[in-house]
Amino acid sequence: MSLTRTSALPQVERLFGGQPLISPTGDGWESGVTFNSSAVFLEATGENRQLIQELLGPGEEVRDIVALHYRARPKHDPGFPFTRSYVGLSIHEPDLTPIRRFDTPVLSPDLGEGSDVHGSEDPRVTWLDGSWWMVYCGVQPFVDPDPTKTWLASVCMAKSDNLVDWTKIGAVAGCSGRGPTPHGNKDGVLFPDRIEGKVVLLHRPLKGDIDTWETAIAVADLTEGPYTDLGAVHGPARQDGYLKSWTGAGATPIKIGEGRYVSIEHTGNYLPGKQRKYVLDAFLYDFNDWDPTRPETLVKARLDDFMRPETDFEVKGPFHDSVANVVFACGAYVHDGWLYIVYGGGDSYILAARVNFNDLVGELESREQQEYRPEEYAPHA
């Protein structure tokens, strides 16, 4: 399959002139790279006023804000095989103008033993069942028969009442990647509603060759699990010129109607020479007539590759821990008719863009009228 762009694709506007929203700073936990941020939009309603005041700090007028929980790595991390990831917090206006950046991380790797002793990566934050839930990738040491594999990624969770103080739940049973034959798992994100009484989680098992990795769905009675994996929802769109491609979940899905959601996700690709390229995709999910025994029926339409690396901050990877040619979204929200996308550029900076939300939804719904063929997105044999 060879994808081509059409005039129907929504126009992506880079914010702040394409300059970073958050950059590495200092000589500690966020001195190396800062990237891959969730985004929580908080309206200044009565129930949110105290929380917003605490996030803004004393003396600030209570108003609508956005809280960003982002991944950060130091330049140096003595005693560890690679620099570990931490989760920082930054507060912004609805248009993402910065207000306040916290000096210390709100989530740090475990000390000694634990599911994230080697890092807490790629947070996604969702309000569900009266609490804030952070789903993130925990990294721990693991000795595989393959000597090149020295770490194991697990879908982990933490819980909070105020977006600052987090209680770790640990690796999520059913999606942790552990078991008799550990294979790893990451890119977990919760839907913001229960579906038919169940908590629903998108995730991405790291099982088999990277060219077979797909976005999967799991359900549970309790938010902390255990989860039952139902299988793959979708795979990548295959494009000419890529050696291998894979998909993964992104930001918390955005509700557009009863049981209907728009989800901003990513496709990773290997170019010749093993260079990577990550692009953003949009999906229309509908739980109203989906068949849990056929998870792919959740997808009603998709818009592949609507945003790709273009600017210097996206294409280049200037630091030791950078990965060039990447746009990777863990956060999105709607405000004043715009879908704001907060994303990592080149695994180095946090950047922001926006898309007219009605245009995006309209394009997805127009594609919904066409027959969706999951077999076109099947893994390579």
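The values are calculated or read from the model by the stated rules, or taken from the named source; none is laboratory data. Computed from a predicted model, the values in this text were never measured in an experiment. Quick reminder, even Gly has a Cβ in these numbers, built from the backbone with ideal geometry, and neighbours come from all protein chains shown. We work out accessible area using only protein heavy atoms, side chains counted, and drop any ligands, DNA or RNA first. Shrake-Rupley method; radii C 1.70, N 1.55, O 1.52, S 1.80 Å.
Things to note:
- With the biggest extent put first, the Cα atoms of the range 253-340 measure 45, 35, 19 Å across the principal axes.
- Rg/Rh for the range 300-381, where both radii come from Cα atoms and Rh is the Kirkwood radius: 1.06
- 31 Å Cα-Cα threshold exceeded, pairs from K159/K274; K255/K316; K75/K198; K186/K316: K159/K274; K255/K316; K75/K198
- 13 Å beta-carbon shell around S37, net charge (K/R +1, D/E -1): -1
- Taking a sphere under 14 Å around the Cβ of E371 and counting the other residues whose Cβ falls inside, with K and R at +1 and D and E at -1, yields a net charge of 0.
- 1.4 Å probe accessible area per residue over the chain, in Å²: 41
- Between the range 337-356 and the range 245-274, the Cα center-to-center distance that results, in Å: 14
- The smallest convex shape that holds all Cα atoms of the chain, its convex hull, gives 143 Å³ per residue.
- The phi torsions of the range 271-280, fed into the Karplus equation with coefficients 6.51, -1.76 and 1.60 and a -60° offset, translate into couplings of 8, x, x, 6, 6, 9, 8, 10, 10, 9 Hz, rounded to whole numbers, with Gly and Pro shown as x.
- Environment charge at L56 (Cβ cut-off 15 Å; Lys +1, Arg +1, Asp -1, Glu -1): -2
- Sites excluded, GluC sites (Glu not before Pro) in DSSP loops with at most 10 other C-beta within 10 Å, longest stretch of the chain: 259-370
- Share of carbon and sulfur in the accessible heavy-atom surface of the chain [1.4 Å probe, %]: 48
- Global form of the range 181-337, assessed from the alpha-carbon gyration tensor, a/c cut-off 1.5: prolate
- The calculated pair-distance distribution of the range 92-222 uses every alpha carbon pair, bins of 5 angstrom beginning at 0, and gives 2, 10, 18, 21, 19, 14, 10, 5, 2, 0 percent.
- Karplus-based coupling profile of the range 195-206, in residue order and whole Hz: 10, 6, x, 9, 7, 10, 10, 8, 7, 9, x, 9, with θ = phi - 60° in 6.51 cos²θ - 1.76 cosθ + 1.60 and x standing for Gly or Pro.
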